[in-house]
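Engineer: Have a look at the structure that comes next, please.
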Amino acid sequence: MSDLPSDGPVIELVELTKIFKDFWNRPKVAALQGVDLTVRRGEVLGLLGPNGSGKTTTIRLILGLLFPTRGIIRVLGFPPRHVKAKEQIGYLPEESHLYQYLTAEEALHFYGRLFHLSSKERQRRIESLLQLVGLVGARNRPIREYSKGMARRLGLAQALINDPELLILDEPTAGLDPVGNREFKDLILSLKERGKTIFLSSHLLADVEDACDRIAVLYGGRICMEGNVSDLLARKDATQIQTGKLSKQTLREIRELIVQREGELPVHVDVPKETLEGLFLRAVAEAREKRLSTSGAGQGQLGGFLAGEEFQPGSKEATHGPQEEHRKEDHSVIDDLVRGE
Amino acid sequence: MLVFVLLLPALPLLVKGDGTQKGLVQLILTYTFLLAHLLILLLTCVLATSTVCGEIERKEVHITDTKPLRRWEFLFGKWLGVMILDAFLLLLIGSVSYGVTLYAARRGDPAKLGQQEAFKEVLVSRRATPAEAVLAKDKIHEAAVQELDAMRQRGEIAPKLEEETLLASLEAKYEKWARNIPPGAMAKWVAKGLRPARDETDSIYVRYLYQSSEGEPFGEQDTIHGLWRIGSPETALYQMPVDATPGTAHEFEVPAQAISEDGTLELQFIHESPILAIFQEKDVQILQGRGPFYLNEAKALLLLLCQAAFLAAFAVAVSTYLTFPVAALVMFVVLVACLAGEGVADLIETSALVQPFPFPGRSRYVVDRGLRIFLRMIVTLLPKFGSYTPVDLLITGREIPSALLVQGVAFIACLRGGAVAVVGCLIYRFRELARVIA
């Protein structure tokens, strides 16, 4: 990891064009037409777009699963299919393409071995990842028995097994329940804090709004908008004031003040609503306190090496002291879950 | 496959053979080996294609390929997996069939005679040395020259024909004639490079095979009588009167003292029946030594593994581009072509490939030539499994030459297998994995 240029862009797409051809080499679909995009180190970039706009194609090109018709792709300073680039990439595909006959633990060991991780280190990361995605209780079940959401959680664990510098996520929240969704956003934020770069595609705008620093909107194989989320979403012609409950008298006086100072501006007064997401999360949290549990995925615990505690670059073996305590804490949470079943 | 392995121990109870222990053991060995051969090769084709195609089709490869793994490493891993399974199955079949043949050889034989025969003539590994026919080369040459002269005088030699080629073919004709032994005549052979007798009990086997001029069918009275004289007056001379049916190989045992100090053995056959006895090249062999049978069986199975290695490499290569049903079908064609081997080659040489109907006149000739060259190329490139499946050597207790094994490893597994593997890796290297091939 340390032999990387630390300031260069993580993903660089220049004039990227992908035209799918049929058997006779006749152009059939132009999926991407001259896409220029740069993903900087440590940022979370969301690729938005309607179905069929070329999001997945872009991701597959970055991963070397497809080859560009024209244009240049550099990933972490390497061509996309270079082994050194792949060493630092984690990829969560749109659907989970996991080996159906392996159990979660076997699959993670298999992928860990492809990164030449030692058995001790693999074991440690797998424990941590299973806790993160809440699959500790299902670790010994074959993946073919998993629900779609559980398989996606395992897909995420698989993508994180090498503690990647660059995480590429194709529709990451598809198939996740709202709890998983929230956990997922927390995970992204914590990975971002550790300086990891995340490239994700989605058409669920709420996810992108919460998680991404920057977005690019893809339509018809071209990027039609790009920029910081906060800049793009800020409305410069309106002001919102939020405070405690006000009496009718106060409201009337505020309205008069606005008319007096700013002229005839439209003023809307409303009671803020809780989001459905917030409501759902609260309901689940209450149920959990009563020690109810489901048979599938448990609640994820953002701990272990993904919180940056165990696998700081260069100090992979430094896992004594406070970390030990943290792990014990994690275990007790899991124990609670298991007992609750 | 497992059913087959489980059924193996029941074989001695199921098959009858010709009533002798030797026959039973030979029959069991033949069944086991040929079935194992076919099953292993089929399994290899299906397994290798399905594992690669399936992984690409189910898109599992999308995750695996984004791990730091080179594409050829992925293919090599697939090949290795199939090979490990094959090796394990062959080991299982080999050890079970070895146990079954030992059991069959010992079973139900209180007199131990049949058992002895089976152990001496089947369950051993004896080195075979062909005996060279002693032919009067000068007489053959003389006769050929005389006929050539006669032809020249009669003006029968076409102007384009070279005389040397003609002479060679005439000599070949007379040599063939010289191998035919008329009634009452004597034929001679010499075998060289044998090991002289170690002690008085040391013995060798003479294995011979001849055809008769009468052709089929043969009744009981159609056996050929004769007298074999083995050795020379300087060493020790043994006589063996025989009364044997033509067309099948026969063996008899002789003390090894007939072999001279320098490892030479002389053989004579005095023919006593009223028909021609025809010995072809290598129809007389001396079998010597008593190597362990399991070593011979292991060699035969290793040769089988070489064939499986080639097929697995081919199947993996084919699967990098084709989808499962197509790839499996291609592999079956390849398998049949490899098994048919020589037969297909002969067929291509001897038959008309193109019918006159769609290709009139000269175009037919051109198409025929093109097709012939193409087919010949394929047949040459594909290994001929027939020459590397030495069941006949195995069941007659003859040693499988190590040279054959080396050839098998070199030509089938390494050279041809390697070539298809390289092609497969190249195709895979430049394949867009995420793209569905229409």
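Since every read-out is calculated from the coordinates, none of them should be taken as a lab result. Owing to the predicted nature of the structure, the values given are computational and were not obtained by experimental measurement. Reconstructed Cβ throughout: ideal geometry from the backbone, glycine too, with neighbour counts over all protein chains shown.
Engineer: Can you give the FRET efficiency for A:SER230 and B:LEU80, using 1/(1 + (r/R0)^6), R0 = 45 Å, r = Cβ-Cβ distance, to the nearest 0.05? All intermediate terms of the calculation are to be shown ahead of the outcome.
Structural biologist: Working: r = 53 Å, r/R0 = 1.17.
Approximately 0.30, to the nearest 0.05.
Engineer: Now for a separate question. Select from A:VAL14, A:ALA151, B:LEU404 the residue farthest towards the positive end of the dipole of the protein assembly as shown; place +1 on Cβ of Lys and Arg, -1 on Cβ of Asp and Glu, and compute about the Cα centre.
Structural biologist: Going by the charge dipole, the pick is A:VAL14.
Engineer: State to the nearest 20 debye the size of the charge dipole of the protein assembly as shown about its Cα centre, where the only charges are +1 on K and R beta carbons and -1 on D and E beta carbons.
Structural biologist: 1720 debye
Engineer: With labels modelled as points extended 7 Å from the Cα through the Cβ direction, what inter-label distance (nm, one decimal) is found for A:LYS248 paired with B:GLN116?
Structural biologist: A separation of 12.6 nm, rounded to one decimal place.
Engineer: Between A:GLU286 and A:ARG141, take the C-beta separation as r, use R0 = 30 Å, and let me know the FRET efficiency to the nearest 0.05.
Structural biologist: 0.60
Engineer: With everything on Cα atoms, drop me the angle between helix B:362-381 and the longest principal axis of chain B, reported from 0 to 90° to the nearest 10.
Structural biologist: Orientation of helix B:362-381: about 90 degrees from the principal axis.
Engineer: Also, quick follow-up: Please order A:TYR111, B:TYR98, B:TYR294 by the number of other Cβ within 10 Å, starting at the fewest.
Structural biologist: Least crowded to most crowded, the residues run B:TYR294, B:TYR98, A:TYR111.
Engineer: HN-Hα J couplings of region A:54-64 from phi, Karplus 6.51/-1.76/1.60, θ = phi - 60°, integer Hz, Gly and Pro as x?
Structural biologist: Values per residue, Gly and Pro as x: x, 5, 5, 4, 4, 5, 5, 5, 5, 8, x Hz.
Engineer: Would you work out which of B:GLY77, B:MET186, B:LEU305 lies farthest towards the positive end of the dipole of the protein assembly as shown, given +1 charges on the beta-carbon of Lys and Arg and -1 on that of Asp and Glu, about the Cα centre?
Structural biologist: My answer, from the dipole projection, is B:GLY77.
Engineer: With a Förster radius of 41 Å, plug the Cβ-Cβ distance of B:PHE374 and B:ARG70 into 1/(1 + (r/R0)^6) and report the FRET value to the nearest 0.05.
Structural biologist: 0.75
Engineer: If you rank B:THR101, A:THR173, A:THR103 by fewest surrounding Cβ atoms within 10 Å, what's the result? Kindly include the intermediate steps, with their values, before the conclusion.
Structural biologist: Working: B:THR101 25, A:THR173 21, A:THR103 18.
Arranged by neighbour count, lowest to highest, B:THR101, A:THR173, A:THR103 become A:THR103, A:THR173, B:THR101.
Engineer: What's the magnitude of the charge dipole for chain B around its Cα centre, counting Lys and Arg as +1 and Asp and Glu as -1 at the beta-carbon? Answer in Debye, nearest 20.
Structural biologist: Its charge dipole is roughly 2020 debye.
Engineer: Determine the shape class of region B:215-364: with a ≥ b ≥ c the square roots of the Cα gyration tensor eigenvalues, call it rounded for a/c under 1.5, and otherwise prolate if a/b is greater than b/c, oblate otherwise. Intermediate values should be presented prior to the final figure.
Structural biologist: Details: a/c = 3.39, a/b = 1.75, b/c = 1.94.
Note, shape of region B:215-364 comes out oblate.
Engineer: Still on this structure: Would you kindly derive the ³J(HN,Hα) couplings of region B:136-150 from the backbone phi angles with the Karplus curve 6.51 cos²θ - 1.76 cosθ + 1.60 (θ = phi - 60°), listing them in order in whole Hz, with x for Gly and Pro?
Structural biologist: 7, 4, 5, 5, 4, 4, 4, 4, 5, 4, 4, 5, 4, 4, 4
Engineer: Please list, in chain and number order, the residues 5+ apart from A:LEU167 or on another chain whose amide H is under 5 Å from its amide H, with Hs placed from the backbone.
Structural biologist: A:GLY90, A:THR197, A:ILE198, A:PHE199
Engineer: To continue, here is another question. Dipole size in debye (nearest 20) for region B:181-291 around its Cα centre, Lys and Arg Cβ +1, Asp and Glu Cβ -1?
Structural biologist: 320 debye
Engineer: Here's something else I'd like to know. Please figure out what share of the DSSP beta bridges in the protein assembly as shown is antiparallel and state it in percent, rounded to the nearest 5.
Structural biologist: 75 percent
Engineer: For labels at B:ARG152 and B:ARG429 in the simple 7 Å Cα→Cβ model, what's the distance in nm?
Structural biologist: Placing both labels 7 Å beyond Cα along the Cβ direction yields 6.1 nm.
Engineer: What does the extension gain come out to for B:GLU281 and B:VAL391, with contour length at 0.36 nm per residue minus their alpha carbon separation?
Structural biologist: That works out to 37.6 nm of additional length.
Engineer: Let me ask you something else. What is the angle, in °, between the Cα long axis of helix B:417-429 and the longest principal axis of the Cα atoms in chain B? Nearest 10 is fine, range 0 to 90.
Structural biologist: So the helix axis and the longest Cα principal axis differ by about 10 degrees.
Engineer: Report, in listed order, any pair from A:LYS28/A:LYS84; A:LYS84/A:LYS196; B:LYS22/B:LYS176; B:LYS160/B:LYS188; A:LYS120/B:LYS78 with a Cα-Cα distance greater than 28 Å.
Structural biologist: A:LYS28/A:LYS84; B:LYS22/B:LYS176; B:LYS160/B:LYS188
Engineer: To continue, here is another question. Summing -39500 (n - 2.57) over the DSSP H runs of n ≥ 4 in the protein assembly as shown and dividing by its residue number, what mean residue ellipticity at 222 nm do you reach, to the nearest 500 deg cm²/dmol?
Structural biologist: Taking each H run of at least 4 residues, the total per residue is -14500 deg cm²/dmol.
Engineer: At most 12 other Cβ atoms within 10 Å plus a DSSP loop assignment makes a site exposed; report the longest stretch of chain B without any exposed GluC sites (Glu not before Pro).
Structural biologist: Working: sites that count: B:GLU156, B:GLU162, B:GLU200, B:GLU234, B:GLU261, B:GLU281.
Excluding the exposed sites themselves, the longest stretch runs over B:282-438.
Engineer: Taking the Cα centre of the protein assembly as shown as the origin and placing charges on Cβ (Lys, Arg +1; Asp, Glu -1), which of A:ASN140, A:PRO80, B:ALA419 is farthest toward the positive end of the dipole?
Structural biologist: In the protein assembly as shown, that residue is A:PRO80.
Engineer: On to the next question. The protein assembly as shown: D in µm²/s via Stokes-Einstein (Kirkwood Rh, Cα pairs, 4 °C, 1.567 mPa s)?
Structural biologist: Values: Rh = 33.9 Å.
In µm²/s, the coefficient is 38.
Engineer: Right, next: How charged is the neighbourhood of B:MET186? Take every other residue with its Cβ under 11 Å from the Cβ of B:MET186, and add Lys/Arg as +1 and Asp/Glu as -1. Let's see the in-between values first.
Structural biologist: Details: positive: B:LYS188, B:ARG229; negative: B:GLU272.
My count for the surroundings of B:MET186 gives +1.
Engineer: Taking A:LYS273 as the anchor, which lysines have their alpha carbon closer than 17 Å to its alpha carbon, excluding any fewer than eight residues away along the same chain?
Structural biologist: Candidates past the 8-residue exclusion: A:LYS245.
Engineer: If each residue's Cβ is checked for other Cβ atoms within 10 Å, how do A:ASP186, B:ASP149, B:ASP283, A:ASP163 rank with the fewest at the top?
Structural biologist: Starting with the residue having the fewest Cβ neighbours, the order is B:ASP149, A:ASP186, B:ASP283, A:ASP163.
Engineer: Another one. Which whole-Hz ³J(HN,Hα) couplings does region B:322-333 yield from phi under the Karplus relation 6.51 cos²θ - 1.76 cosθ + 1.60, θ = phi - 60°, glycine and proline marked x?
Structural biologist: Karplus values, whole Hz, x for Gly and Pro: 9, 8, 3, x, 5, 4, 5, 4, 4, 5, 5, 4.
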